[in-house]
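Reviewing the structure listed below.
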Amino acid sequence: VKKKEKKPNLYVKIANRIFYNKSMSLIKKGEFYTLKRDLIKANLEFVPANYVSVIFFTTIVSFFAAIFITAFFLFFSLVASPPFIVSVEEGLGLRFLKVFWILFAVPAAVYLFAYFYPSMEKKSIEGKINQELPFAVIHMSSISNSMIEPSKIFTIIISTGEYPNLEREFTKLLNEVNIYGYDLVTALRDTAFNSPSRKLGELYNGLATTITSGGDLPDFFDKRAQTLLFEHRLEVEKHAKAAETFMDIYIS
């Protein structure tokens, strides 16, 4: 089976050509550290310098788009009824005072969205992982009773196909062991640091400590499953109560 090579995106290539050196300089100075961490945790296929270059380039492009939008609204306005677009009758100077903010608002909005998008994506993935985690840990608890090698537990969970969001995280963990040659404890701690989910990171770190200290794996997974299930029930109840409150407000 022939695999298609993934060609670099033209837009990203142009952004890199213009802003790569500046982006690298800022990153080396410690700027965009939070963004860099969010990119890794969100599993976005971007090198930090490339993504920062895209942010700068997109902001510049949006500024030129804002010029056209501002020019449009200098002479036209939108209405709710046909023909929807009508000519502006007020003076040009007064109209400019009303619409000039678009020149700054559009680039600012684009920059902020691009900057915070990895963080939003990370939170979305975290929520999905946390939904699957309690049930996956119960599964892991039952598998660990067979006293198999710990890394095989993750392989079995992946093979079930029941936990698509955890599957990607467990694959990253196994890649560190099978491809990069790390021992399981080192891979667990490294993957915990880069995990989008705090609860999954705590599971990795707890498992690494249990393996290092020669603890009881079935007991570890059992207790962790109980804790995660309890937290899951609290979260479900919280959402149910919030839904009831909004329903009462709507009915009122």
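The values are calculated or read from the model by the stated rules, or taken from the named source; none is laboratory data. Everything numeric here is computed off the predicted structure, so don't read it as measured data. Neighbour counts are summed over all protein chains in view; Cβ atoms, including those assigned to glycine, are modelled from backbone coordinates with ideal geometry. Surface areas here come from the heavy atoms of the whole protein model, side chains and all, with no ligands, DNA or RNA. Shrake-Rupley method; radii C 1.70, N 1.55, O 1.52, S 1.80 Å.
Miscellaneous remarks
- Value at 222 nm in deg cm²/dmol, rounded to 500, when DSSP H runs of n ≥ 4 in the chain each add -39,500 (n - 2.57): -26500 deg cm²/dmol
- Largest first, the residues Ser25, Ser62 sort by 1.4 Å accessible area into Ser25, Ser62.
- Solvent-accessible area per residue, Å², over the chain with all protein chains present [probe radius 1.4 Å]: 64
- Note that the chain carries a Kirkwood radius of 22.5 Å, evaluated over its alpha carbons pair by pair.
- q = 0.11, 0.20 Å⁻¹, region 73-146: log10 I(q)/I(0) [Debye, one scatterer per Cα]: -0.60, -0.92
- Distant-in-sequence amide H partners of Phe76 (H built 1.01 Å from N, under 5 Å): Val88
- Viscosity 1.306 mPa s, temperature 10 °C, Stokes-Einstein D of region 167-249 from Kirkwood C-alpha radius, µm²/s: 108
- Candidates Ala80, Gly206, Leu133 compared by Cα position along the dipole of the chain: farthest toward the positive end lies Ala80, with charges placed on Cβ.
- Counting only protein chain heavy atoms and rolling a 1.4 Å probe, the accessible areas of Phe104, Phe73, Phe63 rank, largest first, as Phe104, Phe63, Phe73.
- A probe of 1.4 angstrom, applied to the heavy atoms of all protein chains, finds Glu45 with accessible area near 140 square angstrom.
- Judged by the gyration tensor of its Cα atoms, with axes a ≥ b ≥ c, region 124-217 is rounded; a/c sits under the 1.5 cut.
- Using heavy atoms of the protein chains and a probe of 1.4 Å, the accessible area assigned to Val12 is about 30 Å².
- Compared with the dominant principal axis of the Cα atoms in the chain, helix 48-75 is inclined by about 30°.
- For the chain, a crude dipole built from +1 on the beta carbon of Lys and Arg and -1 on the beta carbon of Asp and Glu, taken about the Cα centre, is about 1140 debye to the nearest 20.
- Cα-Cα P(r), region 26-118, percent of pairs per 5 Å interval: 2, 13, 17, 16, 13, 10, 8, 7, 8, 5, 1
- Region 128-236 - percent relative contact order, Cα under 8 Å, separation 6 or more: 35
- Sorted largest first by accessible area at a 1.4 angstrom probe radius, with every protein chain in place, the residues Ile179, Ile125 fall in the order Ile179, Ile125.
- Structural descriptor for the chain: relative contact order 17 percent, calculated from alpha carbon pairs under 8 angstrom and at least 6 residues apart.
- Only protein heavy atoms count here; on that basis, with a 1.4 Å probe, Ile27 has an accessible area of about 40 Å².
- Note on the chain: dipole from Cβ charges, positive end direction compared against Ser252, Leu228, Ile14; the farthest Cα belongs to Ile14.
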